[in-house]
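Each remark here refers to the structure printed beneath this line.
Where a number appears in this text, it was derived from the coordinates with a stated rule and is not lab data. On a predicted model such as this, the values are computed, not experimentally measured, just so you know. Cβ placement follows ideal geometry from the backbone for every residue including glycine, while neighbour counts extend to all protein chains displayed.
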Amino acid sequence: MVTAPAKINLTLDVLGKREDGYHEVKMVMTTIDLSDRLTLMKARDGGIYVASSAGAIPTDERNLAHQAALLLKREFQVKEGVRIYIEKNIPVAAGLAGGSSDAAAALKGLNQLWNLGLNFEQLAQVGARLGSDVPFVLYGGTSLATGRGEVLTPLPSPPPSWVVLAKPPIGVSTSEVYGKLRLDQIKERPDHERMLRALAEKDFSGVVASMGNVLETVTFTLYPEVKKLKERMIRFGGEGVLMSGSGPTIYTLVRHESRAFRVYNALRGFCKEVYMVRLTGRREIGVA
Ligand code: ATP
């Protein structure tokens, strides 16, 4: 079994549009203890079969774990096939990189199942072709991501904290949000220098003070209920409150368990999908 952790953005800044159509980003991401679980078994007939506990995601070639298997199979001329079962716990189209994490977990699992002997760097290179967030979730932990999100600089993990997340009952299209972003109208950008200092010093207040996501205004305009959810989370006692990725998930970091529990319980009255988890902290290194 391979775990596929979700990520949250502590920061997300968009610096410009590249010639290849992607946006140049700068973001600090960290993995959290909310994970899908993938079980992989050999399929002797050479086929790739994906099944999932969630009805909402495709299981054919559109599934990112399927795409990961197909890419590895072609690249390394693998004769065997695979049956992948995804126990889906990460909300879908939520800004938590669920699909990317399933792809990363599939790469790790298949590396073992098919005896490919690839290291993390090689897997990350394959992963980057599947999605910009795949290399990050492959390693996990905390990183500064630049380029289109695939250039990673490992960072110290944030000080221990609870994370309370709430996902309104809407799915957000990442490409629509990026498409509607007007770079010349960004007023406030996250303070990366301060964030990096705060992480190095394990300074919780510094981390909270430097969180920021330039996509919030776009998603808030498209879906005003996401903005309301953020305001509500602040009222309920959240410390650093931010939208993750392109949304619509809003999360808060809370230092103390009792306070996190209060925020969690208060939110459950308004939102069906609420989670209270911890940061995972560790980055994976060495042999994949
Ligand atoms: P990101 O934060 O990387 O933009 P996200 O969390 O917003 O991602 P995902 O949950 O990865 O979004 O889902 C985005 C789309 O990808 C969904 O519409 C879904 O149909 C498709 N998808 C393909 N494979 C998967 C998978 N294994 N799990 C979830 N969604 C998948």
In whole Hz, with x marking every Gly and Pro, tabulate ³J(HN,Hα) for region 11-19 from phi via Karplus 6.51 cos²θ - 1.76 cosθ + 1.60, θ = phi - 60°.
-> 9, 8, 10, 10, 8, x, 9, 9, 5
For the chain, modelled as a Gaussian network with Cα springs under 10 Å, which listed residue fluctuates most, K108, K227, K180?
-> K180
Two-site FRET efficiency, E201 against D33, from Cβ-Cβ distance with R₀ of 22 Å, rounded to 0.05 | 0.40
Grab the Cα-Cα distance for S53 and E284, subtract it from 0.36 nm times how many residues apart they are, and report the gain in nm with one decimal.
-> 80.5 nm
Fewest to most Cβ atoms within 10 Å: H256, H192, H66 sort as H256, H192, H66
So for the pair E19, M41, with labels modelled 7 Å out along Cα→Cβ, what separation do we get in nm?
-> 5.0 nm
Compute the acute angle (0 to 90°) between the alpha-carbon long axis of helix 257-268 and the principal axis of greatest extent of the alpha-carbon atoms of the chain; round to the nearest 10°.
-> 90 degrees
Residues whose placed amide H lies under 5 Å from that of S52, excluding near-sequence neighbours | I86
Gyration tensor over alpha-carbon atoms, region 162-278, equivalent ellipsoid semi-axes in Å = 23, 21, 10
So for the chain, Kirkwood radius off the Cα pairs, Stokes-Einstein at 37 °C and 0.692 mPa s: how many µm² s⁻¹?
-> 171 µm²/s
Modelled label reach - E61, point 7 Å along Cα→Cβ, region 70-86 residues with backbone N closer than 16 Å | 70-75
Diffusion coefficient in µm²/s returned for region 20-69 by Stokes-Einstein, Kirkwood Rh over C-alpha pairs, 10 °C and 1.306 mPa s, is 112 µm²/s
GluC sites (Glu not before Pro), restricted to region 196-236: which are DSSP loop and have at most 11 other Cβ atoms within 10 Å?
-> none
What does a probe at E87 reach in region 6-40, counting residues whose amide N is under 19 Å from the point 7 Å along Cα→Cβ?
-> 6-7, 32-40
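Expressed as cubic angstrom per residue, what is the convex hull volume of the alpha carbon set of region 2-154?
Convex hull volume per residue, Cα atoms: 105 Å³.
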Assuming R0 = 51 Å, can you tell me the calculated FRET efficiency for the pair I234 and R129, based on Cβ-Cβ distance, to the nearest 0.05?
-> 0.85
R74 to I186: extension gain in nm, 0.36 nm per residue of separation minus the Cα-Cα distance?
-> 36.1 nm
